[in-house]
Amino acid sequence: MTEIDDLEGRLARGNKRRRRILFLLGAAAVIGAVSPCAMVCWRIGGEVRTSRARHEEYSHRATAAEIATVDQATRALEARLGARAAAWRAGMAAAATMRPRPDFGLCPVRVPVRQPASAQRGFSFNNLDELSAIVFPGRQGFPHAVAHGGKLPDEPPRVRLARERAAELRESIRGTGSRADLAGRVRSAQALAGPGFWTFDVVLFADEWHIPLADTTGTSFRAGAARGTAVLFDYPTGTVLCAGDVTATTTSDRVEYRGQITTGYTTLQSMLDAEFDAEVERAIATAVEFRAGPPKPPPAPGE
């Protein structure tokens, strides 16, 4: 082999090595460029699969038997609400005269206390400012109603709640949801007639009732105040079981709200109403701590 042949061989091997290196570099570049796209596609595919699985999980419809069970349970409940209301009116006949009697002992029913809900946000602005601080009214922690002039409400608070829940369950069971959700709605409908639901009602016989009132410009307000006696009706015994003296006021003295002159009144009023409702409920829950009875007779002369 001549020197020229050897040189040509080395050049050929060098070219082959360079082509191999260029190929590897090109492949690495392609992989580097494609891999982020592939990763994104893989993640998108995973999210699509998760979304599809979630949709499939919550897109079930109730069976005909489940719908029939809810309909039957709620209709049977509604058919008995008249009797429930009549028993409540009979047991509450003398409720307006009942007073808390510490000498009779503590109330055996624990009334849940809602957390404080204030309309105050720490600042006071005129209604030319644009601010966002709105209080939304919460759901009652327990069924209760307010009676004025010693007159009972038209129907018991829990009867009203039962009617609302029955209608809600009949509608929701015809929608979509997971199998667990649908089965839960069936159980909820069946439980409406059970002792776990028919526990107690509370009525506040108000001697003083002044709702908070915003002025027409929405820049100031009169605080709300309530005073009276709350009585707790016990469904298992059909009697007024407990009572308490209630005093409640709005706690806000300065309110931040959103609105111009034309809308500020409505916004401020709704905030104050929500706060007042919460404070009245809290006052009732903390006041009803003793058993109820007729007013304690005054001590005899000389006692």
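Values quoted throughout were computed directly from the atomic coordinates according to the rules given, and no laboratory measurement underlies them. Since the model is a prediction, treat every value here as computed from it, not as a measurement. Every residue, glycine as well, gets a Cβ built from its backbone with ideal geometry; the counts of neighbours run over all protein chains shown.
Annotations for the structure displayed:
- Packing here is the average count of other Cβ atoms within 10 Å per residue, and on that basis the peptides 102-112, 139-149, highest first, run 139-149, 102-112.
- Distance between modelled label sites at Val109 and Asp154, nm, 7 Å Cα→Cβ extension: 2.3
- Overall form of the stretch 158-223 per C-alpha gyration tensor (a/c, 1.5; a/b vs b/c): oblate
- Chain lengthening between Asp181 and Thr286 when straightened (0.36 nm per residue, less Cα-Cα): 34.3 nm
- Packing-based order for 79-85, 68-74, using average beta carbon neighbours within 10 Å, highest first: 68-74, 79-85
- Between the beta carbons of Trp198 and Ala65, assuming R0 = 45 Å, the FRET efficiency works out to 0.95 to the nearest 0.05.
- Taking label positions 7 Å along the Cα-Cβ direction at both Asp207 and Glu171, the computed distance is 4.1 nm, reported to one decimal.
- Of the beta bridges in the stretch 145-241, as assigned by DSSP with both residues counted there, near 80 percent are antiparallel.
- For the peptides 173-180, 282-289, 151-158, the ranking by packing is 282-289, 151-158, 173-180, with the highest mean count of neighbouring Cβ atoms within 10 Å listed first.
- Whole-Hz Karplus values for the stretch 99-112 come out as 9, x, 10, x, 5, 8, x, 6, 5, x, 9, 9, 8, x Hz, taken residue by residue from phi with 6.51 cos²θ - 1.76 cosθ + 1.60 and θ = phi - 60°; glycine and proline positions read x.
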